[in-house]
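One structure coming up, written as structure tokens, with questions to follow.
The values are calculated or read from the model by the stated rules, or taken from the named source; none is laboratory data. The structure displayed is predicted, hence computed values, not measured ones. Because the Cβ atoms are built from the backbone with ideal geometry, glycine has one as well, and the counts that use them run over all protein chains shown. For accessibility, only protein heavy atoms count, side chains too; no ligands or nucleic acids. Shrake-Rupley method; radii C 1.70, N 1.55, O 1.52, S 1.80 Å.
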Amino acid sequence: MLIAQLSDIHVRPRGRLYKDVVDSNRQFSEAIAHLQALDRRPDLVLITGDLVDEGHPDEYASLSELLAELTLPCRVIPGNHDNRECLRAALSDHTYLPAQGPMHYCLDGHPMRIVALDTSVPGRHHGALDGAGLAWLRATLQADRVTPTLVLMHHPPFLSGIPYLDQYRYPDTEPLAEILRTVPNVEAVLCGHVHRTMIRRWAGTVVACCPSTTTEIGLQLDARAQPESWLGPPACLLHLWDPSQGLVSHVSQIGRYPGPYPFF
């Protein structure tokens, strides 16, 4: 099974730029074209939050139009820039999304099981799960301790070391970690939020953060660093599951670059 992960696409109303600089809608469209032109087409596309930038209905109208370009099966979760009710209204055909409350869900029937968590907190930028969300996760994971499983969440459950990102992290991670440690079959936790590729071993599994299709957050590790972003190469992650070898994840840069060259 090949799973493509996009994140932090920050769709804007038609004709509006992201942060008045980047045509995030065009970049999302190019990301869709990139996935559909791969030599092996993904079986599933996951978008791990920040589907739009300000949570407005006109942004979700643009998102719906752009998603119509995607011919691959797609599942989404909200991020801190999303509005649950506007998202539900715009993507009413995404019937896997719960009709009310946090957008937790589980996908069965694939070689890998997908357990999706909504870590968004309405009106805030940090991440969290309440007691009901943690209880739902525990029950859902315990219901199948065999099938290889991916857990989705927008906010990574660790400190990145970039000070202005870590202000908006998922701060209280131990209850979540304790639940994940109780099952043996979580192959990876897939996140977004940080607009960078980050990987960490955590809670008995591996956390992989997906880069953005829009901008790249500056890699600054000094505690006094001020926020900055860059127009770096947009990218996505490709997660290849083979039952004989497990999960291998690749960064796939989006766009045209010089090559190929006969190095081998």
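At q = 0.17, 0.29 Å⁻¹, work out log10 I(q)/I(0) for segment 24-73 with the Debye formula, treating every Cα as an identical point scatterer and leaving solvent out; two decimals please.
Listed by q, the Debye log ratios stand at -0.53, -1.26.
Mind pulling the per residue volume of the convex hull built on the Cα atoms of the chain? Å³ is fine. Let's see the in-between values first.
On the way: hull volume 37.5 nm³, N = 264.
Here the figure is 142 Å³ per residue.
Roughly how many whole Å is it from the C-alpha centroid of segment 52-109 to that of segment 187-264?
22
Right, here's the next one. Rounded, prolate or oblate: which fits segment 136-256, taking a ≥ b ≥ c as square roots of the Cα gyration tensor eigenvalues, rounded meaning a/c under 1.5, else prolate when a/b beats b/c? All intermediate terms of the calculation are to be shown ahead of the outcome.
Details: a/c = 2.77, a/b = 1.41, b/c = 1.96.
Oblate shape, in that a/c is at least 1.5 and b/c is the bigger or equal ratio.
Above 22 Å lies some portion of the pair distances; for segment 61-191, what is it as a whole percent of all C-alpha pairs?
On the way: 3379 of 8515 pairs.
Considering segment 61-191, 40 percent of its Cα-Cα pairs are separated by more than 22 Å.
Calculate the FRET efficiency for HIS110 and ALA132 from the Cβ-Cβ distance with a Förster distance of 41 Å, rounded to the nearest 0.05.
FRET efficiency, HIS110 to ALA132: 0.95.
Enumerate the residues in segment 220-235 having an amide nitrogen under 16 Å from the point lying 7 Å beyond the Cα of TYR164 toward its Cβ.
Taking a point 7 Å out along Cα→Cβ of TYR164, the residues of segment 220-235 whose backbone N falls under 16 Å are 220-232.
While we're looking at this one, here's another question. Taking a ≥ b ≥ c as the square roots of the eigenvalues of the Cα gyration tensor of segment 180-245, is the shape rounded (a/c under 1.5), prolate (a/b larger than b/c) or oblate?
On the way: a/c = 3.66, a/b = 1.71, b/c = 2.14.
It is oblate, given that a/c is not under 1.5 and a/b is not larger than b/c.
Using a 10 angstrom cutoff on alpha carbons, build the Gaussian network for the chain and name the most mobile of ALA143, ALA188, ALA177.
Its mean-square fluctuation being the largest, the pick is ALA143.
To continue, here is another question. Could you size up the charge dipole of the chain around its Cα centre, putting +1 on the beta carbon of Lys and Arg and -1 on that of Asp and Glu, and report it in debye to the nearest 20?
Values: 21 positive and 29 negative charges, 81 e Å.
Dipole of the chain, to the nearest 20 debye: 380 debye.
PRE reach from GLN253 (point 7 Å along Cα→Cβ): which of segment 206-238 fall under 13 Å by backbone N?
Residues 232-236 qualify, since their backbone N sits under 13 Å from the label point.
Which shape class, rounded, prolate or oblate, goes with segment 1-96 when its Cα gyration tensor gives a ≥ b ≥ c as root eigenvalues, a/c under 1.5 marks rounded, and past that a/b bigger than b/c marks prolate? Spell out each step's value before the answer.
Values: a/c = 1.92, a/b = 1.31, b/c = 1.46.
Here segment 1-96 falls in the oblate category.
Shifting gears a bit: Using a probe of 1.4 angstrom, how much of the accessible area of the chain is carbon and sulfur, in percent?
Details: 6590 of 12420 Å².
C and S atoms contribute 53 percent here.
Follow-up. Averaged per residue, what accessible area in Å² does segment 211-264 show with a 1.4 Å probe, protein chains only? Could you put the intermediate results ahead of the total?
Numbers: 3840 Å² over 54 residues.
In whole numbers, segment 211-264 has 71 Å² accessible per residue.
Hey, got a sec? Which trypsin sites (Lys or Arg not before Pro) in segment 36-94 land in a DSSP loop and have at most 12 other Cβ atoms within 10 Å? Please report the intermediate quantities before stating the final value.
Working: sites: ARG40, ARG75, ARG84, ARG88; in loops: ARG40.
Within segment 36-94, the qualifying trypsin sites (Lys or Arg not before Pro) (loop, at most 12 other Cβ atoms within 10 Å) are ARG40.
So, taking all protein chains as they sit and a 1.4 Å probe, how much accessible area belongs to TRP136, in Å² rounded to tens?
That residue has around 80 Å² of solvent-accessible surface.
Specify the residue with the greatest mean-square fluctuation among LEU152, LEU137, LEU44, computed from a Gaussian network of the chain linking alpha-carbon atoms under 10 Å apart.
Greatest mean-square fluctuation among the candidates belongs to LEU44.
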